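Novice: Dropping a structure here in C-alpha cells format, bear with me for questions.
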Amino acid sequence: MPQNDKGRKTYRYGDLLNASGAGRRTLDIHAVLPEPERDEQGRIVRLPQPPVSLTSSEVSRILKPYFSVRFREQLRAVVPLAAYLALFQIIVLRQLVADPWLVTGGLLAVIVGLMFFMEGLKLGLMPFGEVIGATLPRKAALPVVLQITLLLGIGVTFAEPAIGALKTAGQNVSADKAPYLYLVLNQMADTLVLVVGASVGLAAVIGTLRFLYGWSLKPLVYTALVPVLGLSLYAASQPQLASAIGLAWDTGAVTTGPVTVPLVLSLGIGIATAAGKGDSGLSGFGIVTLASLFPIGGVLLLLITLSFTTSPAEISQLAASVSTTENLSPPWYARSPGVEILMGIRAILPLVIFLFLVLRWMLKEPLKNRREVFLGIFLTIVGMCIFNIGLTYGLSKLGGSAGGMMPMAFMAIPGQEDSPLYTYGVGLALALVFAWVLGFGATIAEPALNALGITAETLTNGVFRKRTLILSVSVGVAFGIALGLAKLIFNLPLLWLILPCYLVAVILTWLSSEEFVNVAWDSAGVTTGPITVPLVLALGLGFGSAVDAVEGFGILSMASVGPIITVMISGLWSRYCARAQARAAQNKEPSAVSTLEEIT
C-alpha cells in the first residue's frame, strides 16, 4: 500500500467507494458494445451500431428544446407585427378583425411553416450550396460554373417563400384598368417568376465575376440603373404600361430572401476562394444589390414585349373567358389548400433535383449525411406548403384587411357609415405614422440586420457602428413605407418618387467610399424578409382597392431605396466626424510638443 511523504497510508478513491458499498461496478467494454467486425487478419473494419429504441415521451423530451427555440424565433418575427396591425385596426380604426380565428390559425401556420422551412433549409439545401460552391470551381471551367450559377438563380427564385405573395397579388387587379398588370399576375404568373429568376441568375453571374476580378460595385450600380430607369421612363409614357411600373420595382424586393442570398452567395464566394481571391473584406457584397436591380429591368422588358404582342382588348376577352370558367367547380389542385400545397412542392422539388444532379452527375461527389439532408428537404417542402396556407389565411388576410380599412381614418368609404373617423389632417397623419412605425419596427427586429451591422463595423474599422447602421436602415425603411403609402393616398405616379430618390442615391454613391457603398446598397435586400414582403404587399393592395386605385404596388420599392440613402448619409457623416477627430488630435500634438519644450 503506497505511503505519502509524511508516512500516511493512501487509498484510491474508487477502492474506498467499493469498500464502503457506495456502488461502483466494473464492466467489461465487450459486455456493453457488440463484437466488432474483423477482416481475415483480425483487424477491426467496422463497429456495428446497435439500434436505439426510444419511447414517444423520450423523443418528445429530446425534440422539445430543439423546436421550442426555433418556434420562438419565428414567433418573435410574426406576432409583434400581427399584433400591431390588429391593435391599430381595433383601437384607431374601431373595427374588429374579420374571421379572427381563421387569421390566428393562418398566422400560426406561418410560424410553424417558417420554422420547418428555415430548419430544412439549413439541413437540406445549404449543404448542397456549400459543397457545390467549394467543389464546382475546381472541377469545371469558368463558363460551365457561370451557367450553373445562372440556373441556380432561377431555381432559388421559385423557392423563395415571398414569391407566392406576388402570385396571389393579381386577384384584385382589374383587366380593364390595368390590362398588362392583370396579364402577368394571373395568366402569366409562372412566366413572371421565370423572368425574375433569370434576372437573379444573371445578377449572380455578374456578382460572381465581380468577386473573381475584384470589380468595384459603383460602376455596376450605375450600369444597372441606367437601363432600368430608361425602361421605366418609357413605360411611364405608355398609359397601359404605367400601372405596372410598381410591380416591376417591387419584384426587386421580393427576390432577396432566405433562399436566394445564402445559396447564390455560397457559390460565388466558393468560386472566388478557389481562385485565391475570397479573403477580401468585401467578399459577399454586391450580389444582393444586383439581384435587387436586375429583376426590375427584366420585368419591364417583359411588359414592354407583351405590349407589342398582345392588345388590351385581347386581355379583356381573356379575363372574361377566365371568369366564366371560374364559375365552374375547379379541381382540388386549383382550390385552397390544394393550390398552396402544389405551389410548395413545385417551388422546392425542381431546385433539389437540379442541385442533386449537379452534385452527382457533374461533380461526381457523394452526398454526405444523406439521411439528415433528406430530412431537411422533407422539412423544407412541408414548411413551404404550410407557409403558403398561412400566407393565404393569415398574413395576406390580415394585411389586406388593415389596408382596406385604413382610408376610413381620413376619407369616406362606401359601405362604412362612420367614415371618416377623424378630420382629414388627423386621419392622414395617423395613416402615415402607422406606416412609419410599421416599417421601423419590422426592420429593427430583423435578425439579418444585426449581422450586417457587425460586418459594417468590421469593414470600416469601427467608424460605422453597428447601432448606427441598424437605426439608419430602420429609419430609411420607415420613411420609404410612409412615402409609398403617400403615393397611394395622393395617387402619385411612382416614377415621380423613384427617379429623384435614385438620383440622390447615385450622387451619394459617387461621394461615398467603396465600403459604405457596399453596405448601403446591400442593406436594402436585408430588410425584405418572408414576413415583411407579403404583409406590406397585402397592405398596399388592400389600401389601393379601398381608395379605388388602379394598383397598390410601390411601397416595397420605396422601402428598398430608403435605407440606401439613409445609410450612405450616415456613412458620410461618420467619415466626416472621424476625420474631424483625427484633425483635432493632430492639432493637439504640436501644442503638446511646444509646451514640453518650454518646460525643458
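Novice: Whole-Hz ³J(HN,Hα) for each residue in the stretch 236-247, computed from phi via Karplus 6.51 cos²θ - 1.76 cosθ + 1.60 with θ = phi - 60°, x for glycine and proline: what do you get?
Specialist: These are the phi-based 3J(HN,Hα) values: 5, 7, 9, x, 6, 9, 4, 6, 9, 4, x, 4 Hz.
Novice: Express the carbon and sulfur contribution to the solvent-accessible surface of the stretch 466-577 as a percent, rounded to the nearest whole number, probe 1.4 angstrom.
Specialist: Here carbon and sulfur together make up 71 percent of the probe-accessible area.
Novice: Could I ask something else about it? Grab the other residues whose beta carbon is less than 15 angstrom from that of Ile481, score K and R as +1, D and E as -1, and report the net.
Specialist: Net local charge, Ile481 excluded: -1.
Novice: Each residue of the stretch 418-434 in turn: what ³J(HN,Hα) in whole Hz from Karplus with 6.51, -1.76, 1.60 and θ = phi - 60°, glycine and Pro shown as x?
Specialist: 7, 7, x, 7, 9, 5, 4, x, 5, x, 5, 5, 4, 5, 5, 5, 4
Novice: Which order do the peptides 369-375, 53-59, 343-349 take when ranked by the mean count of other beta-carbon atoms within 10 Å per residue, highest first?
Specialist: Answer by packing, highest mean first, reads 343-349, 369-375, 53-59.
Novice: Nearest 500 deg cm²/dmol is fine: what mean residue ellipticity at 222 nm does the chain get from its DSSP H runs of n ≥ 4 alone, each adding -39,500 (n - 2.57), divided by its residue count?
Specialist: So the helix-based figure for the chain works out to -23500 deg cm²/dmol.
Novice: Also, I was wondering about something else. Among 244-250, 75-81, 182-188, 564-570, how do they line up from the highest to the lowest mean number of other beta-carbon atoms within 10 Å?
Specialist: Going from most to least packed, we get 244-250, 564-570, 182-188, 75-81.
Novice: What net charge is computed for the residues neighbouring Phe71, neighbours being all others with C-beta under 11 Å from the C-beta of Phe71, Lys and Arg scored +1, Asp and Glu -1?
Specialist: +2
Novice: Now for a separate question. FRET efficiency for Val226 and Arg46, Cβ-Cβ distance as r, R0 = 60 Å, nearest 0.05?
Specialist: So the FRET efficiency works out to roughly 0.40.
Novice: Still on this structure, I have one more. Using mean Cβ contacts within 10 Å as the protection proxy, how do 414-423, 400-409, 484-493 order, highest first?
Specialist: 400-409, 484-493, 414-423
Novice: Further, regarding this structure: Given a cut-off of under 8 Å on Cα pairs at least six residues apart, what relative contact order in percent is computed for the chain?
Specialist: This gives 20 percent for the chain.
Novice: Now a separate question. For the stretch 70-145 and the stretch 450-497, compute the distance between their C-alpha centroids and round to whole Å.
Specialist: Each part's Cα centre sits 21 Å from the other's.
Novice: Nearest 10 degrees is fine. How inclined is helix 370-390 to the longest principal axis of the chain, computing both from alpha carbons?
Specialist: Once rounded, the angle reads 30 degrees.
Novice: Additional query: Find out how many positive minus negative residues lie around Val221, taking Lys and Arg as positive, Asp and Glu as negative, among other residues whose Cβ is under 12 Å from that of Val221.
Specialist: Cβ neighbours under 12 Å give a net charge of 0.
Novice: Right, another one. In degrees from 0 to 90, rounded to the nearest 10, what is the angle of the helix 142-159 Cα long axis to the longest principal axis of the chain?
Specialist: 70 degrees
Novice: Next up: Using only the Cα atoms of the chain, build the gyration tensor, take square roots of its eigenvalues as a ≥ b ≥ c, and label the shape rounded, prolate or oblate: rounded if a/c is under 1.5, else prolate if a/b is larger than b/c, else oblate.
Specialist: The shape class here is prolate.
Novice: In degrees, nearest 10, range 0 to 90: what is the angle between the Cα axis of helix 56-87 and the longest Cα principal axis of the chain?
Specialist: Once rounded, the angle reads 30 degrees.
Novice: Which value, in Å², gives the accessible area per residue of the stretch 468-551 when a 1.4 Å probe is used on the protein heavy atoms?
Specialist: 30 Å²
Novice: Looking at this model, which pairs from Lys64/Lys368; Lys122/Lys487; Lys122/Lys218 are more than 29 angstrom apart at the alpha-carbon? Spell out each step's value before the answer.
Specialist: On the way: Lys64/Lys368 26 Å; Lys122/Lys487 39 Å; Lys122/Lys218 32 Å.
With Cα atoms farther than 29 Å apart: Lys122/Lys487; Lys122/Lys218.
The values are calculated or read from the model by the stated rules, or taken from the named source; none is laboratory data. No experiment lies behind these values; they were computed from the predicted model shown. As a convention, Cβ positions derive from the backbone with ideal geometry for all residues, glycine included, and neighbour counts pool all protein chains shown. These area figures cover heavy atoms from the full protein model, side chains too; ligands, DNA and RNA do not enter into them. Shrake-Rupley method; radii C 1.70, N 1.55, O 1.52, S 1.80 Å.
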